[in-house]
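Structure first, then comments.
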Amino acid sequence: MAQPDVSVVVPVYNAMPYLVTCLSSVMEQSIGRGRVEVVAVDDGSTDGSGEQLDVLARFWDNLHVVHQSNSGGPSRPRNVALARATGRYVFFLDADDYLGPEALERMVALADARGSDLVTCRRKGVGGRKDVGGRKDDARPVPELRHGRLDGEGYDSEKRRSWLAEDWTPRLIAFSNCTHLFRTDRIAQLGLRFPEEVRYGEDTLFTGGYVKDATVSMVDDYDCYHDRLREDGENLTTRLAGTEEHLNAVELGLQLQAEHAELRWRRDQHVRDAVIDVLRFVFDERFLDREPQVRQRLVHRARSLVQTWLTPRVAGRLPAVERLKVALVERGAQAHLSELIRALAADGRGKDVIRQGRVYGGYPYYQDPEFGIPDECYDITSELAVHHHLAAMSWDGTRLRLAGYAYLEHVDTVGVSTAFVLRDRLGRVERRWPVRVVPTPGLDEPGGPDRYDYGLAGFEVELDPADVGGGTWTAFLAVGAQGVVKEVPVGGNRAESVTELAQGPVSARFSKYGTLTLAIGE
């Protein structure tokens, strides 16, 4: 038999009934069975997975099965399989996941065409995301590192490939799984193996050791890998998320990043992401179900991690509820941290507090003298959403009339100061008009009667183009109430009846992103 192109390594432990789907997805690959071998290692399964492997091996000549006693994690099965792999490339596939029909053909073709050391691919979740705790207050995404040696297929410009690099390089170097296409000879040259004493984060160590100075490509125009969240909750990453092993894996990832000179200038961002990962997946509802001594150990371990890596500058970039968790972790306040988690799980957040133009979240212990937690740990002003809608736009003689509503989330419409703003193309010249406040019954927050009152969110404004001046102007609303002000472009959320208008030398049109633009005399 000729050397296969790919050795697919599958560690197997109690993977029924998903195992058959997994292996069938490999055997049915468009690349053809003659170019693929599967090395499946049964790690002491007790659910019939081992017997099922033996049955399938009778029909599939390229399926090689190894049985061993249980090792407690995927590292030893992968190492055993690596020692038997004969393909030019190795691909690691978990037994409860499966591949898209063209996955291996596309990845091998890209690796051969570009001489790539590693090919990663687009993944698709099945049944939800693994190890996610269901938190609703997710942080906004932040830009990632640019890496000139990463490229992608299906991208027709260097700029697009740069975006791809920003999104993937840090994930490959740290916090990465190992489900990529690797060169077998490079693994051998580097002497890489999975650390068998590590059950969570072993992917990070293996991939991090491999990817340094590697050329990396990505198949991003096809769902290659289908990542299944098991209905029985028995995904290893799901079971270990929120444990001390999870914390150890995060620490290993941070240390690994620190060893890469090219990543040091973006370390703040990676520390921020790692701390958010810990605070959301360790200190969530699962934390409440753990024994008190386990909770205390988790707090102690997290405090060590935070004190080692989290600088005040990075802490200031965390969302408010995460800043509050950090403050409690640093104080070792396990009982109070549990109370906070319990309040969040029960949607027990109190009404937010407004002081001097800032909004502070109604989380427990606000201005509690026992702890003295700084007010900035509660400051959610930058996180507030601005809800707005342009309901009507029309000419009234020579004047342009606009109407709709706009309000700040969790800020009662009291002392409304909303203004309509136009800025020139370069943002150097500004024109402002106060709006007329209009009652808007029915906008009150559904979370509870009278909790937040948005009854005066409506606005009407009229402007005379002669007062604006010639040029191209972009429209904004400076939405304000109780001294809190946030700005938002006008037009992105509008009624279907609101269409572009033109009258004489004036036109009101919408950009491709929906923002209202006035062109006067052009």
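Listed values, structure above:
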quantity: Ala392 long-range amide H proximity, modeled H, under 5 Å; calculated: Ala403
quantity: For the range 34-95, the spread of Cα positions along each principal axis, largest first, Å; calculated: 32, 26, 16
quantity: Karplus (6.51, -1.76, 1.60) ³J(HN,Hα), θ = phi - 60°, over the range 180-188, in Hz, Gly and Pro reported as x; calculated: 9, 8, 10, 7, 5, 5, 5, 4, 5
quantity: The range 279-436 - percent relative contact order, Cα under 8 Å, separation 6 or more; calculated: 15
quantity: Normalised contact order of the range 386-520, rounded percent, pairs of Cα under 8 Å and 6 or more residues apart; calculated: 28
quantity: Pairs from Lys486/Lys512; Lys325/Lys351; Lys124/Lys325 whose Cα-Cα separation, in the structure shown, is over 27 Å; calculated: Lys124/Lys325
quantity: ³J(HN,Hα), Karplus 6.51/-1.76/1.60, whole Hz, each residue of the range 488-500, x for Gly, Pro; calculated: 8, x, 8, x, x, 10, 9, 5, 4, 6, 7, 10, 5
quantity: The range 423-522: translational diffusion in µm²/s, Stokes-Einstein, Kirkwood Rh over Cα pairs, 25 °C, 0.890 mPa s; calculated: 158
quantity: Extension gain (nm, one decimal) between Arg33 and Leu190, 0.36 nm per residue minus Cα-Cα; calculated: 53.6 nm
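Since every read-out is calculated from the coordinates, none of them should be taken as a lab result. It should be emphasised that the depicted structure is a prediction, and the values quoted were computed from it without experimental measurement.
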